[in-house]
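Data block below; observations after.
Just so it is clear, none of the values below were taken in a lab; they were calculated from the coordinates. None of the values given here were measured: they were computed from a predicted structure. Counting neighbours? That spans all protein chains shown, and the Cβs are built from the backbone with ideal geometry, glycine included.
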Amino acid sequence: MSPTPGVDVPDHRGRTGLDRTGRDLDRNSNVRVTDVELLAAAWHVLRRTTFEYTDAAGSTSTQQRETYDRGNGATALLYDADRRTVLLTRQFRYPVYVNDHPDGMLVETAAGLLDDDDPETAIRREAAEETGLQIGEVEHVYDVYMSPGSVTERLHFFAAPYEASARMHDRAGLAEEGEDIELVELGIDEALAWIRDGRIQDAKTIMLLHWSVLEGPFAR
């Protein structure tokens, strides 16, 4: 058999051993991984894992799961407590466009993958790239597995104040990464109304907006 990129020989990102992830897991005595198959690694990694699972009755079955590994990420709600506003982004997201979103232009909090950074460093970087603003002190809110049935990603949630006077542009994003991002400033009451009428449909954004009025800067 010829060598498989990402397994025996480096893929286009220089990775090997992508079929090893999960094989040594032993934190749950009821789960024993028996095989990991690399299905795709064009950029992120799709695996099919076979494992034996012993249920509460002591019965053992062989099961398979496909997991999509895109790394972990971070997101932040930028807010102005005095003006009771939030700064969001609007950009094209093909996955939602192909799944019934009217135009694929999703309204979101600033977010991105960690890559090799810690979560706080990553969200400062992503906020700067997506909004053009350098944020100051950040507050950690919580960490969440966003789609645990198939996606491995854990998302680190933050909140940070911004100053309207520091905003220089209405658009941002890295052109070399194909980003074309519109900045959307909303009053918090208007943002909540956008959730209700469907103009905001992004999970992380809805979670942070609800947090902001329950426990965060707009809690009464």
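How large is log10 of I(q)/I(0) for the chain at q = 0.08, 0.13, 0.17, 0.19 Å⁻¹ when the intensity is taken from the Debye formula with one equal scatterer per alpha-carbon?
For the chain at q = 0.08, 0.13, 0.17, 0.19 Å⁻¹, log10 I(q)/I(0) is -0.38, -0.86, -1.19, -1.36.
Peptides 81-94, 118-131: what's the order by average Cβ count within 10 Å, highest mean first?
Result, highest mean first: 118-131, 81-94.
Going by alpha carbons, how many degrees (0 to 90, nearest 10) lie between the helix axis of 188-197 and the longest principal axis of the chain?
With rounding to tens, the tilt is 50 degrees.
Need the C-alpha centroid separation for segment 101-132 versus segment 7-76, integer Å.
26 Å
Beta carbons within 10 angstrom, averaged per residue: use that to sort the peptides 97-104, 12-19, highest first.
Highest-to-lowest ranking by the protection proxy: 12-19, 97-104.
May I ask for the equivalent-ellipsoid semi-axes of segment 1-69, computed as the square root of five times each C-alpha gyration tensor eigenvalue and listed largest first in whole Å?
In descending order, the three semi-axes are 28, 10, 10 Å.
Let me know the Rg and Dmax you get for segment 1-127 when you use only its Cα atoms, in Å.
20.0, 65
Taking the chain as the reference, fit the longest principal axis to its C-alpha atoms, fit the long axis of helix 119-131 to the helix C-alpha atoms, and give the angle between the two in degrees, 0 to 90, nearest 10.
Its long axis makes an angle of about 50 degrees.
If you fit an axis through the alpha-carbon atoms of helix 203-214 and take the longest principal axis of the Cα set of the chain, what angle between them do you get, 0 to 90°, nearest 10?
50 degrees
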